[in-house]
């Protein structure tokens, strides 16, 4: 009985120390959603293209984004029913939907790279036009990473048009 009490007392002391020890570095707080871009890519370098490495693959990106973060109306983390891998499903704004439909209709067979904060996440080949305004980001993400990305992207806009992060942080235009 004495050893159980001693063990409990030692555990409480360790917990009390852990709970009152200051954290050396606070976790980063994001003031805005991540920068998502869908950009056409090539497998060979050419003037005006920038190189990006990801997943053991080197691609060369065109400078203009087909879509970017403001084109995203909502984001949801899901599990792909075919691969069982975590994915983030994006629903686009009407303008984003129309832009993606035109771009994919005119560019079947080309690579469309998906970047998040300038990191290459995936780079599928466009097999058919994407007309419905929904796209899926897949790649080497964990469930937690997909959930975090969807949460950050789905923060979206408040009714005043400000990002939720700006509203929470008290930033005004």
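Examine segment 67-77 for a residue that is within 20 Å of the chain's Cα centre (by Cα), at pLDDT 90 or above and over 22 Å from residue 152 (Cβ atoms), and state whether such a residue exists. No, the conditions are met nowhere in segment 67-77.
Based on this model, can you work out whether residue 153 counts as surrounded by 15 or more Cβ atoms within 10 Å (Cβ to Cβ) and either modelled with pLDDT of 80 or more or in a strand (DSSP E or B) (or both)?
No; evaluated as a whole, the condition is false for this residue.
Total residues in segment 125-147 satisfying the condition of being surrounded by fewer than 16 Cβ atoms within 10 Å (Cβ to Cβ) and either at pLDDT below 85 or not in a helix (DSSP H, G or I) (or both): the figure is 10. Of everything in segment 82-114 that is in contact (Cβ under 8 Å) with a residue 12 or more places away in the chain and assigned to a loop (DSSP other than H, G, I, E, B), the residue that is surrounded by the fewest Cβ atoms within 10 Å (Cβ to Cβ) is 109.
The values are calculated or read from the model by the stated rules, or taken from the named source; none is laboratory data. Since we're looking at a predicted model, the values are computed, not measured. Methodologically, a virtual Cβ is constructed for each residue, glycine included, from the backbone with ideal geometry; neighbour enumeration extends over all protein chains shown.
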